[in-house]
Structures are given as C-alpha cells and as structure tokens.
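Here, each number is a calculation from the coordinates, and none is a lab measurement. Remember, predicted model here, so these are calculated numbers, not experimental data. Here Cβ is always computed from backbone atoms with ideal geometry, including for glycine, and neighbour counts include all displayed protein chains.
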Ligand SMILES: *Cc1c(COP(=O)(O)O)cnc(C)c1O
C-alpha cells in the first residue's frame, strides 16, 4: 500500500523546514532552492500528491515509466528526466519531458536537439557531470565538460540551464558526507569556471538527494532531488 496524502504532506513540510534551515545556516535565501520530488518506482499517485501539495514538477529516472504515469497525472505538472538516457531514446525523451537533466555526451545533445527541432520546441537541459569522480556513475568527466558545453550551446533547439551531479557513497556516513561536500564543491567551481570562460549564465545546480541535501545546499545547490524522504524506500 502506498502512503496517504497526509503522510506525504507531513514529510514534505518537514523536509522543506530542514531545507530552509540549511539555507539559513549557509546564509542563503530559501527561495533559491527548489524541492524536486523524485517519483521513480512509486505509483502515479505520488505525482498527484506533488501537484496537490502545490509543487510544480517531478523527476523520473526512466522514460517509459514516466510516460505511463504522466498520462494519469495532473496536466500542469512538469516532468524532468534525471536518469541515464540512451541516444536512441532521445526522441521519446524530448517528446515527453519538460527538461532533461542527464545530458552527458555530445552525441546525446545532438540527438536531443534534432528531436526538439522536429517537435518545434526548445528543450531545456542540464549537463550531468561526474563531479565526484565516481567510476560507477554516469555523467561527463569534469575535463570533458567544456567541450560538451560548447557542443550543447551550439544546438539551436536546446537551452542549457546548468549542471547536475550525483555524489558517490562512502563506506561510512562520515565518508559519504565528505564525498558529498567535495563533489558539490567541485560542481559549483566547475560551473563558475564555465560561466566565466563562455560568458554565459548557468543558474541551475541540481545536486543533493535524501542523504546529502544539507551538504548540497551549503555548497550552492539550487535544486535538491528527493525521493526516499518524501515517499519512503523504493525496496
Ligand atoms: C533516485 C534518485 C534521486 C532521489 O534519491 P533519494 O535518495 O531517494 O532521495 C535523486 N537523483 C537521482 C539522479 C536519482 O536517480
């Protein structure tokens, strides 16, 4: 059985309070950090709860799962893709998502651009960077990111909003926290370098999940992607 809406509302209220506290501790305005609920592996009701609570968007990992749920969800809700995307699914992703956060290769950027052009739309994207140098994680290597950004900026049907990353887990909670700080600090510095080098604005820093959103907010996150703390474990 999936959780009741009241449970979701209580969890979301608590989470937002913790986010606001982390903002104040970092001397930041809470309005700068968006809560992005991650509904993957949960029923379509999860997306309906998000809309009823008053949030505007959800994030999903897999294209097919999102398409199935989106059909049953409130129409005003926006959907963002945060999972690895194969180039051959670019058309499907460009059709059904309002933003793709997981763009990690020039080839994928070119495929998404072509698809968005065919659909007559401009597709907002983030570049996913392996800022924690995790061998198991997807994302462009930091050293490859300037080239990826150059290619993405040259695509007329894409709009690059910023960067996204996932921090690697450690062997202990303390090690996980240290990895998170290092990863998020790396991403912010990389963003600052890219903004200066390309003379553009990359406002969005999508970083932080249930286990590390406090560290992410301290390092400048503008969007935390949270599943477990809102909907419970995915099994
Ligand atoms: C699943 C997922 C999340 C949410 O993780 P939780 O630990 O459940 O909050 C965030 N970002 C990405 C890319 C994910 O795949």
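Take 221, 185 and order them by how many other Cβ atoms sit within 10 Å, fewest up front. Don't skip to the answer; put the middle values down first.
Details: 221 30, 185 15.
By the 10 Å Cβ count, ascending, the order reads 185, 221.
Measure off 7 Å from each Cα along the Cα-to-Cβ vector at residue 87 and residue 178, then give the distance between these two points in nanometres to one decimal.
If labels sit at residue 87 and residue 178, their model points lie 3.9 nm apart.
If you wrap a convex hull around the C-alpha atoms of the stretch 1-133 and split its volume per residue, what is the figure in Å³? Walk me through the numbers on the way to the answer.
Working: hull volume 18.2 nm³, N = 133.
Output value, Cα hull per residue: 136 Å³.
At 0.36 nm per residue, and after removing the present C-alpha to C-alpha distance, how many nm does the segment from residue 78 to residue 199 gain when stretched out fully?
40.7 nm
Report the full-extension gain for the segment residue 153 to residue 121: residue separation times 0.36 nm, less the Cα-Cα distance, to one decimal in nm.
Working: separation 32, 0.36 × 32 = 11.52 nm, distance 1.57 nm.
Computed gain between residue 153 and residue 121 is 10.0 nm.
Largest first, please: the extent of the C-alpha atoms of the stretch 5-231 along each principal axis, to the nearest Å.
Result, largest extent first: 43, 39, 32 Å.
Go through 119-129, 46-56 and give me the packing order, highest mean Cβ count within 10 Å leading.
Numbers: 119-129: 20.7, 46-56: 18.0.
So the order, starting with the most tightly packed, is 119-129, 46-56.
Could you run the Debye sum over the Cα atoms of the stretch 135-235, one equal point scatterer each and no solvent, and tell me log10 of I(q)/I(0) at q = 0.23 Å⁻¹, two decimals?
Rounded to two decimals, the profile gives -1.25.
So for each of 108-114, 12-18 I average, over its residues, the number of other beta carbons within 10 Å; can you give me the resulting order with the highest mean first?
Top to bottom by mean Cβ count within 10 Å: 108-114, 12-18.
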